[in-house]
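The values are calculated or read from the model by the stated rules, or taken from the named source; none is laboratory data. Please read these numbers as outputs of a predicted model, since none were measured by experiment. Positions of Cβ are backbone-derived with ideal geometry, glycine not excepted, and every protein chain shown enters the neighbour counts. Heads up: the accessible areas ignore ligands, DNA and RNA and are worked out on the full protein's heavy atoms, side chains in. Shrake-Rupley method; radii C 1.70, N 1.55, O 1.52, S 1.80 Å.
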Amino acid sequence: MSKCLWLVVALLFLGCARNYDSPPAELGYLKVSREGNTSLYEVSFSSTVKFLNIFEQNKRPISSMPRCSLEGGEVSMDHEADQYSASGLVPVTQAVRHGDTWVYRSALSFYESLNGGRSMRALKGDELRRVLQGKQFVPCVYTATAYGFKSYRSGVLQIPTADILYGLNE
């Protein structure tokens, strides 16, 4: 009987997730550049929130990444929702303070979602050009997770498509 009680208590705690005190960060675009002949693009952006402190003071998030939709509209957190998207990692401990904001970098990878989001394929240059054709911006949001907390989601970062295409031509 006591083993069942412990199991029920454990399941109750697993279902509880605390809120965080940080407001959604306002993100500002700074620059994007292609990393050599790779399919990675380094994006620099500013944030009104220090990502290291989103959940608790100096508690590093488990995942810390921007997600971008290449299809326009709202950025979905569902990997199956967008056929074409981009994502990367943000090293939160390498932020640089710049006045009232923090500056971050992320190496974005552009890809196509396959098999209902179960696998991904990196987009080649000509494919990326085709997907971005006619779009002015690529919307991105920063997301983070930590044990015991609800997922964090920032405001929208708009990356100019022209800057991404310029990197393709270098």
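Brief remarks on what is shown
- Accessible area of Arg130 in the full protein assembly, 1.4 Å probe (Å², nearest 10): 130 Å²
- Asp100 contributes about 130 Å² of solvent-accessible surface, heavy atoms of the protein only, 1.4 Å probe.
- Rounded to the nearest 20 debye, the dipole size of segment 68-170 about its Cα centre is 220 debye, using +1 on the Cβ of Lys and Arg and -1 on the Cβ of Asp and Glu.
- Shape annotation for segment 61-170: C-alpha extents along the principal axes are 38, 34, 21 Å, from largest to smallest.
- Rolling a 1.4 Å probe over the protein heavy atoms leaves Tyr111 with an accessible area of roughly 20 Å².
- Sequence of Met120, Met65 when ordered by accessible area, the most exposed leading, probe 1.4 angstrom: Met120, Met65
- When the pairs Lys31/Lys59; Lys31/Lys124; Lys59/Lys135 are compared against a 32 Å limit on Cα-Cα distance, Lys59/Lys135 fall above it.
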